[in-house]
Amino acid sequence: MSRVALVTGGTRGIGAAISKALKAAGYKVAANYAGNDEAAQAFNAETGIAVFKWDVSDYDESAAGVAKVEAELGPVEVLVNNAGITRDAFFHKLTKDQWYSVINTNLNSLFNVTHAVWEGMRARKFGRVISISSLNGQKGQGGQVNYSAAKAGDFGFVKALALEGARVGITVNAIAPGYIATEMVKKIDQAVLDKAILPHIPVGRLGEPEEIARAVVFLVADEAGFITGSTISANGGQYMI
């Protein structure tokens, strides 16, 4: 029987590419989304992947959402924490709402959703948890103190939880994408891309969502059980650690 994979923020951008790649690899996929019903239904019609709506920043909604996924598809054995938002502003202009909305969606969601699947993974002695972080969580980025703080928090979450999961067959890893050709990045003015972003990417181009998806498929495979607490930096050589 196919393993069930849940992808948060799984109907658009990097998340959509991950959902499609996991389905192609033989997983039974559930794609979570927060609010864009039209995009989610179009994604479902295009791919046949089941979509589930809830706010990952809310603990109770996440518990109920995971329960619905498991009732319809079976126990979640692969979780990709991909959901994320930006609310950019320089720190002196950053509002409380901008800070907390990003921290709640990008970092607290890791606890909310992972907590809902963790005991089941422990009981079955198998699990794969992937958190999609960011280049800017590694190096920082002006105007993104909230986003960089949340994405940096992913790494501590992954390393600590990996230690807890290691003895019971659960791996926990992170992927840190650089600039990827998503709808959000494509909205950046081409002059800004050409002058301020692309010159800093040694491979000379934006990444593709499918390149991040391939890394996910690798890490969640049964054969990747010796890789845990690790981060794959997929940024075209822009930042090396």
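The values are calculated or read from the model by the stated rules, or taken from the named source; none is laboratory data. Only a predicted model underlies this, so the values are computations on that prediction, with no experimental measurement involved. No Cβ is skipped: glycine too gets one built from the backbone with ideal geometry, and neighbour counts run over all protein chains shown.
A few notes on this one:
- Looking only at segment 137-173, residues that are touching a residue at least 12 places away in the same chain (Cβ under 8 Å), touching a Gly at 6+ places or on another chain (Cβ under 9 Å) and at negative phi come to 22 in all.
- Condition broken by Q98, with the remaining ones in (1) surrounded by fewer than 19 Cβ atoms within 10 Å (Cβ to Cβ); (2) in contact (Cβ under 8 Å) with a residue 40 or more places away in the chain; (3) touching a strand residue (DSSP E or B) at 6+ places or on another chain (Cβ under 9 Å) satisfied: (3)
- Lone qualifier among F218, F226 - being at pLDDT 95 or above, of a type in the set (F, W, Y) and surrounded by 14 or more Cβ atoms within 10 Å (Cβ to Cβ): F218
- When restricted to residues that are of a type in the set (S, T, N, Q), within 22 Å of A181 (Cβ to Cβ) and not in a loop (DSSP other than H, G, I, E, B), segment 9-43 contains 1.
Conditions (1) surrounded by 16 or more Cβ atoms within 10 Å (Cβ to Cβ); (2) more than 15 Å from the chain's Cα centre (by Cα), marked per residue:
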{"site": "S148", "(1), (2)": "yes, no"}
{"site": "K159", "(1), (2)": "yes, yes"}
{"site": "R167", "(1), (2)": "no, yes"}
{"site": "P177", "(1), (2)": "yes, no"}
{"site": "T182", "(1), (2)": "yes, no"}
{"site": "K195", "(1), (2)": "no, yes"}
{"site": "P202", "(1), (2)": "no, yes"}
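- Residue within segment 83-106 that is part of a strand (DSSP E or B) and under 21 Å from F218 (Cα atoms) present: no
- Yes/no for V66 being touching a strand residue (DSSP E or B) at 6+ places or on another chain (Cβ under 6 Å), closer than 25 Å to R167 by Cβ and of a type outside the set (S, T, Y): no
- Residue satisfying all of: in segment 204-214; free of Cβ contacts under 8 Å to residues at least 60 places away in the same chain and not acidic (D, E); nearest to V168 (Cα to Cα) among these: G207
Residues checked against (1) part of a helix (DSSP H, G or I); (2) touching a residue at least 40 places away in the same chain (Cβ under 8 Å); (3) acidic (D, E):
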site	(1), (2), (3)
V192	yes, no, no
L198	yes, no, no
V216	yes, yes, no
E223	yes, no, yes
I232	no, yes, no
G237	no, no, no
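- Filter result (touching a Ser or Thr at 6+ places or on another chain (Cβ under 8 Å) and of a type in the set (S, T, Y)) within segment 190-241: T228, T231, Y239
- Among the residues of segment 44-76, the ones that are among the hydrophobic types (A, V, I, L, M, F, W, C), over 20 Å from T105 (Cα atoms) and not in a helix (DSSP H, G or I) come to 3 in all.
- Across segment 1-26, the number of residues qualifying as at pLDDT 95 or above, surrounded by fewer than 24 Cβ atoms within 10 Å (Cβ to Cβ) and not small (G, A, S) comes to 5.
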